[in-house]
Amino acid sequence: NVVGISFATSAGRAFYVPVGHQESQQIPLDEVLGAIKPLFEDSSITKTAHNANFDTMVLKAYNIDVQGLDFDTMVAAHLVGRAGIGLKPLAFQLLNEEMTPISELIGTGRQQITFDQVPVSQAFMYAAADADMTWRLREVLEPQVSELDGEYVMKEIEAPLIPVLVTMQRNGILVDKRRLMDMSETLTNQIHDLEEAIHQNAGQRFNINSTQQLGAILFEQLLPLQKLRRMGLPAPRRTKIGYSTDSSVLEDLRGADPIVERVLEYRQLSKLRSTYLESLPTLVNQQTGRIHTNYNQVGSATGRFSSSDPNLQNIPIRTELGKEVRRAFLAEPGWNLMAADYSQVELRILAHFSQDEGLLTAFHLDEDIHAATASQVYNVSLDQVTPDMRRLAKVMNFGIIYGLSPHGMSQQTDMDLHQSQEFIQSYLGKYPGILEYVEQTKRYARENGYVQTLLGRRRYLPEINQSNFHVRQSAERMAINMPIQGTAADIVKIAMIRLNKRMQSEGVKSRMLLQVHDELIFEVPPEEMSFVRNIIQELMPSAIELSVPLKVEIKVGPTWGDLG
């Protein structure tokens, strides 16, 4: 509930309107909403906010549809590469102003009160300062954004995206709580059976979640060093508290002992149960029956936005269990969910950046890109490409975007280090444009300290010139990846803005619900299926012009799990 509204009209000139404090002297909320609604809904009056998503979300709950929002100081700080993007740290760093911490007004721990209990005489200075600092931060950050080529990203992508995200957050997605609870019960039984099998393997009961106890069982009892050496497996890694048993260590040991697969499965099921099956039912909004995730525009260095409370972008997609969880997310009765997914968008962007003839030709001919790659690398015709050849080519195609090394290649395939090295060299020999892109991007990053997307979004990489090899190599991988992944993020955002605008102008009932990586999910009534399909195929492939066509795949089903 709104306790008060603060705003500024120039630097040093800010106001606070109390509407919900517990003390008696308040301005009636209806009177205030009636006065501010025309101002906030007037697109000719431009607005600035810090984390505008939150402010516009709250105002939307009071039937105020904010128009004219053209700058967000939190997003701007992210665009110019500031480490701290909170209002108070930014005010201190850029304005040399130390703002009052909220704890001074509401306290901490058991003594903490809510803001409506704070006297207006104290609240108004705190709240007005928020608006004042936001105004002043724009004055500092806006020239920096322009100077660093970020103006297009702010004005044409990030600011127009905020109302789209607010709409999606308010739409939410319908959830079958009973299905999730039944799954949780089934999973609990499976986890119990796995615990028993693991204890039987170990010959004793122990805490599977204890790194120390599991490490001792694995590397002192079941897989001592001599046995690992005989099997050609890596020696155990030591930590301060014992042996490392993280997932990468266990993945390397698959096949060495049945306990390894069981521990990996136990962890996967336990994480799925705690992260989704136990928590999701508690997050269903009682009034809507839906889960309403929050989208964070500054959630990653590449420009992708993240999802939280709950994170709906990380539900496993390739496992049957993940699909089962997704089947609990459904359309309202009589409607369907529609998923629109950019097909191999990052590889298409790589083709554009690298201008590699092989990649460009394969996409223009609409060939299976992984089969086409295998055909090139193995020097066979397309019809002679085997599933194994295609699988290795696919690992390499996606791996090159993330700076895949011979070691990484050997971990993802059954090739040894030498074979992986030869495969990568053969791949880059067949795609010289990609090799040139990789080397040129690293050179650019070393000389300029940053890389950028097609539309000018930057990522700063001060570590690129570090003397430490591992730190430098990590920065090089980020340099190769960011222009591609960041451009993909910008493409999806532009598509979302255009789709939302068209859907609003046409007055459709269909809703955009979720964004998951390169995929958008809609909820569509039967009479609008063809319309929504048509605008998706019109607007998504044309979001940006590349040297190769963008392609969108559309799937329809009653639940999210039926879409992929």
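The values are calculated or read from the model by the stated rules, or taken from the named source; none is laboratory data. It should be emphasised that the depicted structure is a prediction, and the values quoted were computed from it without experimental measurement. Cβ placement follows ideal geometry from the backbone for every residue including glycine, while neighbour counts extend to all protein chains displayed. The area values use the complete protein model at the heavy-atom level, side chains included, leaving out ligands, DNA and RNA. Shrake-Rupley method; radii C 1.70, N 1.55, O 1.52, S 1.80 Å.
A few comments on the model shown:
- Net charge of Cβ neighbours under 10 Å - reference PHE71; Lys, Arg +1; Asp, Glu -1: -1
- Within the accessible area of the stretch 100-155, the carbon and sulfur atoms contribute 53%, probe 1.4 Å, all protein chains present.
- Between 0 and 90 degrees, the angle of helix 469-506 with respect to the longest Cα principal axis of the chain falls at about 50 degrees.
- Between TYR402 and GLU196, the FRET efficiency estimated from the beta carbon spacing at R0 = 25 angstrom works out to 0.05.
- Distance from the stretch 344-403 to the stretch 158-193 (C-alpha centre basis), Å: 35 Å
- Working from the Cα coordinates of the stretch 1-153, the gyration tensor eigenvalues give, after taking √(5λ), semi-axes of 27, 21, 13 Å in decreasing order.
- Ratio Rg/Rh, restricted to the stretch 171-230 and using Cα atoms, in which Rh is the Kirkwood radius: 1.26
- Summarising the overall dimensions of the stretch 185-330 from its C-alpha atoms, the Rg and Dmax are 18.9, 61 angstrom.
- Three-way shape label, the stretch 522-564, alpha-carbon gyration tensor, a/c 1.5: oblate
- For the stretch 324-452, the relative contact order works out to 23 percent when only alpha carbon pairs closer than 8 Å and six or more residues apart are counted.
- Among MET529, GLN425, ILE191 the positive-end extreme of the charge dipole of the chain (Cβ point charges): ILE191
- Using the Cβ-Cβ distance between HIS364 and TYR152 with R0 set to 25 Å, the FRET efficiency from 1/(1 + (r/R0)^6) comes to roughly 0.35.
- Gain on full stretching of the segment that runs from LEU225 to ARG13 - 0.36 nm per residue minus C-alpha separation: 69.3 nm
- Ranked from largest, the principal axis spans of the Cα set of the stretch 306-381 equal 49, 25, 25 Å.
- Inter-probe distance in nm under a simple model that places probes 7 Å from Cα toward Cβ, at ASN534 and GLU357: 4.2 nm
- Distribution of pairwise C-alpha distances over the stretch 385-439, 10 Å bins, in %: 24, 60, 16, 0
- With every protein chain in place, the stretch 272-353: carbon and sulfur % of accessible area (1.4 Å): 46 percent
- In the context of the full set of protein chains, the chain has a per residue accessible area of 48 Å² (1.4 Å probe).
- Dipole moment magnitude, nearest 20 debye, the chain about Cα centre, only Lys, Arg, Asp, Glu C-beta charged: 1040 debye
- In this structure, ILE45 and SER505 have a Cβ-Cβ separation that, at R0 = 30 Å, corresponds to a calculated FRET efficiency of about 0.85.
- Rg to Rh quotient for the chain, alpha carbon positions, Kirkwood Rh: 0.99
- Per residue Cα convex hull volume in Å³ - calculated over the stretch 71-190: 213 Å³
- Cα centroid separation - the stretch 481-560 against the stretch 262-332, whole Å: 21 Å
- Members of LYS60/LYS509; LYS394/LYS430; LYS47/LYS88; LYS323/LYS501; LYS227/LYS271; LYS88/LYS501 lying beyond 24 Å, as alpha-carbon distances in this model show: LYS323/LYS501; LYS227/LYS271; LYS88/LYS501
- The stretch 174-216 - percent of accessible surface contributed by carbon and sulfur, probe 1.4 Å: 41 percent
- Evaluating kT/(6 pi eta Rh) at 20 °C and 1.002 mPa s, with the Kirkwood radius of the stretch 324-463 over Cα pairs in the Stokes-Einstein relation, gives 124 µm² s⁻¹.
- When only Cα pairs below 8 angstrom with a gap of at least 6 residues are kept, the chain shows a relative contact order of 15 percent.
- Label point 7 Å beyond Cα of SER343 along Cβ direction - residues of the stretch 384-398 with amide nitrogen under 13 Å: none
- For the stretch 486-564, the direction-averaged projected area of the alpha-carbon convex hull comes to 5.3 nm².
- Ranking ILE85, VAL164, ILE106 by Cα position along the charge dipole of the stretch 73-164, where only Lys, Arg, Asp and Glu carry charges on their C-beta atoms, puts ILE106 farthest toward the positive end.
- Compactness of the stretch 348-419, taken as the C-alpha radius of gyration over 2.2 N^0.38 Å, stands at 1.11.
- Once the mean of 1/r is taken over each pair of separate Cα atoms and inverted, the stretch 126-175 shows a Kirkwood hydrodynamic radius of 13.2 Å.
- Compactness check for the stretch 391-489: Cα Rg over 2.2 N^0.38 Å is 1.10.
- Theoretical gain in end-to-end length, THR186 to LYS555 [0.36 nm per residue, Cα-Cα removed]: 129.9 nm
- Gain on full extension, evaluated as 0.36 nm per residue between GLN425 and SER306 minus their Cα-Cα distance, stands at 39.3 nm.
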